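K.L.:
Mind having a look at this structure? Questions to follow.
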Amino acid sequence: MVAKMTELSLQGSTALVTGASRGIGRAAAERLAAAGARVVCVARSGERLAPVIEAIGDRGVAMTADLADAGSPWLDENFYETNLHASYESDDT
C-alpha cells in the first residue's frame, strides 16, 4: 500500500522541485514541505516563486534558474557548496 503524502515524514530530507512556481511543481513543493522536507524551489521567475516561498515558510528556499541554459550556474560542480549548503546548515541535519 502506498502511504498518503500526509502520512509521510520527510523530516531531515531535502527536495529539489523544478517548475515550482505554478501547477504541479508548486503543488509538489507545498506537499513536500508539509511532510517535513526542506524544499529548494526552482523556476525561471523569482517573482513567481515569491508566493510559493511565502506559503511554504522557512522550509523553502527560492532558486531562480533556467535549467535549459547550458551556461546555468546550476551546472557548475561547486554550485551546491557555494549557494545551497549555507542556506540549509542547521542542527537538525
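Taken together, the values in this text are just the output of simple stated rules run on the coordinates, not laboratory data. Here the structure is a predicted model, which is why all the values come from computation and not from measurement. Cβ sites come from the backbone with ideal geometry, for glycine too, and all protein chains shown count toward neighbours.
K.L.:
Say each of LEU67 and GLU54 gets a label point 7 Å from the Cα, pointing the same way as Cα to Cβ; how far apart are those two points in nm?
P.N.:
Each label point lies 7 Å from its Cα, and together they span 2.5 nm.
K.L.:
Related question: For GLU47 and GLN11 in one chain, what is 0.36 nm times their gap in residues minus the Cα-Cα distance, to one decimal in nm? Provide the component values of the computation, followed by the final result.
P.N.:
Details: separation 36, 0.36 × 36 = 12.96 nm, distance 2.77 nm.
Full-extension gain reported as 10.2 nm.
K.L.:
What are the ³J(HN,Hα) values, in whole Hz, obtained from phi via the Karplus relation 6.51 cos²θ - 1.76 cosθ + 1.60 with θ = phi - 60°, for each residue of region 39-56 in sequence order, with x given for Gly and Pro?
P.N.:
With the stated coefficients, region 39-56 comes to 10, 8, 9, 10, 7, 6, 10, x, 4, 6, 7, 3, x, 5, 5, 4, 5, 7 Hz.
K.L.:
On to the next question. Residues with amide H under 5 Å of VAL39's amide H, sequence separation 5 or more or different chain, H placed in the peptide plane at 1.01 Å from N; which?
P.N.:
Answer set, sorted by chain and number: ALA15, GLY60, VAL61.
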